[in-house]
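The values are calculated or read from the model by the stated rules, or taken from the named source; none is laboratory data. Note that the coordinates shown come from a computational prediction; the quantities given were computed from them, not determined experimentally. Cβ coordinates were reconstructed from backbone atoms using ideal geometry, including for glycine residues, and neighbour counts include every protein chain displayed. Each accessible area value is taken on the protein alone, full model and side chains, heavy atoms only, with ligands, DNA and RNA left out. Shrake-Rupley method; radii C 1.70, N 1.55, O 1.52, S 1.80 Å.
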Amino acid sequence: VMLRYRQVHDIWHVLFGLNTTVFGELVLKAIEARQTGLPMCYMSAFVAPAARLPRAQRERFYAVYLPWAWRAGNTCVDLMAVDYNEAVEKPLEDVRREWRISVAPAQVAITPSSPSSGS
């Protein structure tokens, strides 16, 4: 499970439209917790925001993004079991539709890097 988890982590950033800021990583950890059941993902998603995010981001994380991530991880197909080699030839939107993936709310969607990314 851990090898597969490491293999697909970065792909999930693209699939869900999440950037790689601390905020985006923590949102992805909530999806990973729902998808994999790994304790480290649960700890990262539910405990780490209290220690790692400024208050405004933390409030937004728990109020908006954690519930979204939980639903997204629950609604999509089992992403640990899909054939990524087959999907790479398809348009991203087709893959998202086929795998029932909802893209992250705009504030953590992939954007050009800036000092305020994920704020």
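Details
- Filter result for Val103 (open to solvent by 40 Å² or more (accessible area, probe 1.4 Å) and over 10 Å from the mean Cα position of the chain (by Cα)): no
- In the range 63-100, residue farthest from Ser44 (Cα to Cα) [restricted to those that are of a type in the set (Ser, Thr, Tyr) and open to solvent by 20 Å² or more (accessible area, probe 1.4 Å)]: Tyr84
- Subset of the range 8-53 [of a type outside the set (Val, Ile, Thr), without any contact (Cβ under 8 Å) to a residue 40 or more places away in the chain and open to solvent by 70 Å² or more (accessible area, probe 1.4 Å)]: Asp10, Pro39, Met40, Tyr42, Met43, Phe46, Ala51, Arg52
- Yes/no for Glu89 being among the acidic types (Asp, Glu), closer than 15 Å to Pro105 by Cα and either out of contact with any His (no Cβ under 7 Å at 6 or more places or on another chain) or free of Cβ contacts under 8 Å to residues at least 60 places away in the same chain (or both): no
- Note on the range 7-117: enclosed helices (runs of 4 or more DSSP H) holding 2 or more residues that are at pLDDT below 95 are 22-36, 39-46, 48-52, 55-60, 84-87.
- A search for C-beta distances below 8 Å between a residue of the range 65-79 that is on the phi < 0 side of the Ramachandran plot and any residue that is assigned to a loop (DSSP other than H, G, I, E, B) and of a type in the set (S, T, N, Q), counting only pairs 6+ apart in sequence or on different chains, returns Trp68/Ser102; Arg71/Ser102; Ala72/Ser102; Thr75/Ser102; Cys76/Ser102.
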